[in-house]
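Novice: Structure in structure tokens, see below.
We did not get these values from a lab; they are worked out from the coordinates using the rules stated. Owing to the predicted nature of the structure, the values given are computational and were not obtained by experimental measurement. Virtual Cβ from ideal backbone geometry, glycine too; neighbours counted across all protein chains shown.
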């Protein structure tokens, strides 16, 4: 890749992904520390901001900031993929990423978990519906982006990491409801494998795009533009 003189707006905005992952991690760490007796292995992350949680009000500030940063990042991913002319699969995945982050930002704030999810209220049903949309769009986004990046020169290394994360997110995403429905005391642990794998991917993709350089135009691209023919004729 050739060296660029400076980074554009969307490339700078890509750092919002890394910032979002840090903010999300802080909300989980701080929330667990403030809640006396909270178990990161047994309890889900949604319980930290659920109705009746001891520090839900303060922690929701973190989740709103996270949601805004993650949504900005997803838009920057789409714009940069357009700019770098990545494979169409990656563009489709970026669109799904925007859907996921928008649904997460709006849905979880409108329908927080009630009573730790123990009672099947209307609010909890909506919370589950939001979770289903977020989970499916997240899996679709990571797989599509990974396939697209693997087919795009200069992006194959981050494509491999994306594919690995997609597999982990899928397996842990399937395991989470199974563990919850069977009353196993490791629901929080399984969920954290799922969500923090996603945050790791956001962080890595964010830094990769921030540091990415525009690829040189290939001879094929130049020939399509007619520049090679012009050069040849001028040299005669």
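Novice: Running a GNM on the chain with Cα contacts under 10 Å, which residue among 107, 183, 67 ends up with the highest mean-square fluctuation?
Specialist: 183
Novice: Next question. Quickly work out the residue 55-to-residue 129 label distance, labels modelled 7 Å from Cα along the C-beta direction, and quote it in nm with one decimal.
Specialist: With each label point 7 Å from Cα toward Cβ, the separation is 3.2 nm.
Novice: Under a 10 Å cutoff between Cα atoms, tell me which one of 59, 91, 125 has the largest fluctuation in the Gaussian network model of the chain.
Specialist: Greatest mean-square fluctuation among the candidates belongs to 125.
Novice: May I ask for the distance between the Cα centers of segment 36-115 and segment 150-189, given as a whole number of Å?
Specialist: After rounding, the separation between the Cα centres reads 16 Å.
Novice: Sticking with this structure for a sec: Would you calculate a helix-derived [θ] at 222 nm for the chain, using -39,500 (n - 2.57) for each DSSP H run of n ≥ 4 and dividing by the full residue count, to the nearest 500?
Specialist: On the way: 9 runs with 172 residues, N = 236.
-25000 deg cm²/dmol, from helical runs alone.
Novice: Shifting gears a bit: Please work out how much length the chain gains when fully extended from residue 7 to residue 82, using 0.36 nm per residue of separation minus the C-alpha to C-alpha distance, in nm with one decimal. All intermediate terms of the calculation are to be shown ahead of the outcome.
Specialist: Values: separation 75, 0.36 × 75 = 27.00 nm, distance 1.56 nm.
The residue 7-residue 82 span can extend by a further 25.4 nm.
Novice: Give me the distance in nm between label points sitting 7 Å out from Cα along the Cα-to-Cβ direction at residue 120 and residue 65, one decimal.
Specialist: 3.8
Novice: Take the Cβ-Cβ distance between residue 207 and residue 184 as r, set R0 to 41 Å, and report the resulting FRET efficiency rounded to the nearest 0.05.
Specialist: Details: r = 35 Å, r/R0 = 0.86.
Efficiency computed from Cβ-Cβ geometry: 0.70.
Novice: For segment 1-105, what is the largest minus smallest coordinate of the Cα atoms on each principal axis, given in angstrom and ordered from greatest to least?
Specialist: 53, 27, 22
Novice: What FRET efficiency comes out for the pair residue 109/residue 34, r = Cβ-Cβ distance, R0 = 25 Å, nearest 0.05?
Specialist: Numbers: r = 20 Å, r/R0 = 0.80.
The calculated FRET efficiency here is 0.80.
Novice: Using every alpha carbon pair in the chain, what percent of pairs falls into each 10 Å bin from 0 up to the bin containing the largest distance?
Specialist: All Cα pairs, binned at 10 Å, distribute as 8, 29, 31, 17, 8, 4, 2, 1, 0 percent.
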